[in-house]
Amino acid sequence: MSSRRKFIHQSITGSFLLASSSFPLNAFADDSNITKLTILHTNDVHSRIDPFPMDGSRNAGLGGAERRAQMISNIRAAEKNVLLFDCGDIFQGTPYFNFFGGELEMKLMSKMKYDASTMGNHDFDAGIDGFEKQMKHANFPFIVSNYDFKNTILNGKTHKYKIFEIDDIKVGVIGIGIELDELVPKKLYKETQYLDPISEAQKYASLLKNEMDCDYVVCLSHLGYKYNDDTVSDIHLAQNTEDIDLVLGGHTHTFMRKADIRRNRKGREVIVSQAGWAGILLGQINIHFEKNKKHVCLSCKNTLIK
């Protein structure tokens, strides 16, 4: 078994528990004091509808939309409060996209009942008009906080943020996209304007946390986990903002054995996670809120889809 395959298999058990020092774990003994929220996440699925073929390659037999759907269904059957998000690059990578232009991907995500997605650079591969054409097949919103679409066909068709109220918890969600220039030909994204990801993330996170009383703020990011230069990344975003509790990422196809913990500019912990690529992993964040919502206990894992 290759080292890459071993790493992917190790991801199944790669998890961690994060507990506030003032949130005693014995609080779980009394469920009335705790509200549990499960956040599932994918990224960079890249039109991988079928499992990888059984050809002896490192990903042989892994992934597949049907298996992912079944895993999501099983988790929903076991958990009361579930949210399902994607962090972009839904399109491009198999003949399904070449033939159907993204229609199948949108329909399958709708069937799986995704709650929201952000956009990745490859979601412009059929042009901004091509993406807009397929949006009618998506029964979920696209959240993009730092693209200005005002002079494009997407004007008014995406959201800067969304609030999900589940049980007694208010979850605010923002979406941060990568710089399209040099990644995507301008003729594909047309007059889309890229806005500073740090300032836009902070603006909407602050709005959600401080003015709209959200208990938890999630950023769906397609910036990439980290880089060896000063390119803005998920880590950079986490460390240079406040009011964001969880960054779910994409773009760098990073297989994370466990989520990363960073400190924001006020010294508070921010969780950063990413679930590889091609639908090989399903990310899962379990968040336990104390009754007064001041403290949380959190566990994360990435589960192999096979």
In this structure, is His236 touching a Cys at 6+ places or on another chain (Cβ under 8 Å) and either surrounded by fewer than 22 Cβ atoms within 10 Å (Cβ to Cβ) or farther than 24 Å from Asn81 by Cα (or both)? no
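Would you point out which residue out of Ala201, Ala205 is in contact with a helix residue (DSSP H, G or I) (Cβ under 8 Å, 6 or more places away or on another chain), under 22 Å from Leu83 (Cα atoms) and surrounded by 22 or more Cβ atoms within 10 Å (Cβ to Cβ)? Let's see the steps before the verdict.
Details: Ala205 fails: in contact with a helix residue (DSSP H, G or I) (Cβ under 8 Å, 6 or more places away or on another chain).
So the residue among Ala201, Ala205 that is in contact with a helix residue (DSSP H, G or I) (Cβ under 8 Å, 6 or more places away or on another chain), under 22 Å from Leu83 (Cα atoms) and surrounded by 22 or more Cβ atoms within 10 Å (Cβ to Cβ) is Ala201.
What residue, of Asp129, Asp115, Asp125, Asp148, is surrounded by fewer than 22 Cβ atoms within 10 Å (Cβ to Cβ), of a type in the set (Asp, Glu) and over 26 Å from Val247 (Cβ atoms)?
Exactly one of Asp129, Asp115, Asp125, Asp148 is surrounded by fewer than 22 Cβ atoms within 10 Å (Cβ to Cβ), of a type in the set (Asp, Glu) and over 26 Å from Val247 (Cβ atoms), namely Asp129.
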With of a type in the set (S, T, N, Q) and under 18 Å from Ile39 (Cβ atoms) as the only criterion, which of Ser117, Ser110 stands out? Ser117
Looking only at the range 286-298, decide whether some residue is closer than 22 Å to Leu237 by Cα, touching a residue at least 24 places away in the same chain (Cβ under 8 Å) and part of a loop (DSSP other than H, G, I, E, B). no
Test of understanding: among Phe97, Phe52, which residue is of a type in the set (Phe, Trp, Tyr) and under 16 Å from Phe124 (Cα atoms)? Phe97
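Rundown of residues vs (1) of a type in the set (Gly, Ala, Ser); (2) within 13 Å of Ile39 (Cα to Cα); (3) in contact with a His (Cβ under 7 Å, 6 or more places away or on another chain); (4) surrounded by fewer than 17 Cβ atoms within 10 Å (Cβ to Cβ), yes/no style:
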site: Asp243; (1), (2), (3), (4): no, no, no, no
site: Val247; (1), (2), (3), (4): no, yes, no, no
site: Arg263; (1), (2), (3), (4): no, no, no, yes
site: Trp277; (1), (2), (3), (4): no, no, yes, no
site: Gln284; (1), (2), (3), (4): no, yes, no, no
In the set Ile143, Ile178, which member is surrounded by 23 or more Cβ atoms within 10 Å (Cβ to Cβ), modelled with pLDDT of 95 or more and within 27 Å of Met71 (Cα to Cα)? Ile143
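Can we say Lys258 is assigned to a loop (DSSP other than H, G, I, E, B), touching a strand residue (DSSP E or B) at 6+ places or on another chain (Cβ under 9 Å), among the basic types (Lys, Arg) and over 20 Å from Phe91 (Cα atoms)?
Numbers: assigned to a loop (DSSP other than H, G, I, E, B): yes; touching a strand residue (DSSP E or B) at 6+ places or on another chain (Cβ under 9 Å): yes; among the basic types (Lys, Arg): yes; over 20 Å from Phe91 (Cα atoms): yes.
Against the criterion (assigned to a loop (DSSP other than H, G, I, E, B), touching a strand residue (DSSP E or B) at 6+ places or on another chain (Cβ under 9 Å), among the basic types (Lys, Arg) and over 20 Å from Phe91 (Cα atoms)), Lys258 qualifies.
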Pairs where the first residue, in the range 192-211, is among the small types (Gly, Ala, Ser) and the second is part of a helix (DSSP H, G or I), C-beta under 8 Å, 6+ apart: Ala201/Leu237
Going by what's in this entry, would Gly63 be described as under 20 Å from the mean Cα position of the chain (by Cα), under 25 Å from Leu246 (Cβ atoms), modelled with pLDDT of 95 or more and in a loop (DSSP other than H, G, I, E, B)? yes
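Quick check: anything in the range 211-227 part of a helix (DSSP H, G or I) and modelled with pLDDT of 95 or more? Break it down into steps so the answer makes sense when it comes.
Keep residues of the range 211-227 that are part of a helix (DSSP H, G or I), which gives 211.
Now restrict to residues that are modelled with pLDDT of 95 or more: 211.
Yes: the range 211-227 contains one or more residues that are part of a helix (DSSP H, G or I) and modelled with pLDDT of 95 or more.
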What do you reckon, is Ile72 assigned to a helix (DSSP H, G or I), closer than 21 Å to Pro185 by Cα and aliphatic (A, V, I, L, M)? no
Which of (1) out of contact with any helix residue (DSSP H, G or I) (no Cβ under 8 Å at 6 or more places or on another chain); (2) charged (D, E, K, R); (3) in a loop (DSSP other than H, G, I, E, B) is the odd one out, the single condition Asp50 does not satisfy? (1)
Any pair with Cβ under 6 angstrom, 6 or more apart, that starts in the range 215-235 at a residue that is touching a residue at least 40 places away in the same chain (Cβ under 8 Å) and ends at one that is outside any loop (DSSP other than H, G, I, E, B) and among the polar types (S, T, N, Q): Asp234/Ser221
Of the residues in the range 232-255, how many are in a helix (DSSP H, G or I), closer than 21 Å to Gly120 by Cα and over 14 Å from the mean Cα position of the chain (by Cα)? 4
Cβ-Cβ below 8 Å, separation at least six or inter-chain, first residue in the range 94-118 and closer than 23 Å to Leu223 by Cα, second part of a helix (DSSP H, G or I) and of a type in the set (Ser, Thr, Tyr): which pairs? Glu105/Tyr96
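The values are calculated or read from the model by the stated rules, or taken from the named source; none is laboratory data. Just so it is clear, the model here is predicted, and its values are computed rather than measured. Cβ atoms come from the backbone with ideal geometry, glycine included; neighbour counts cover every protein chain shown.
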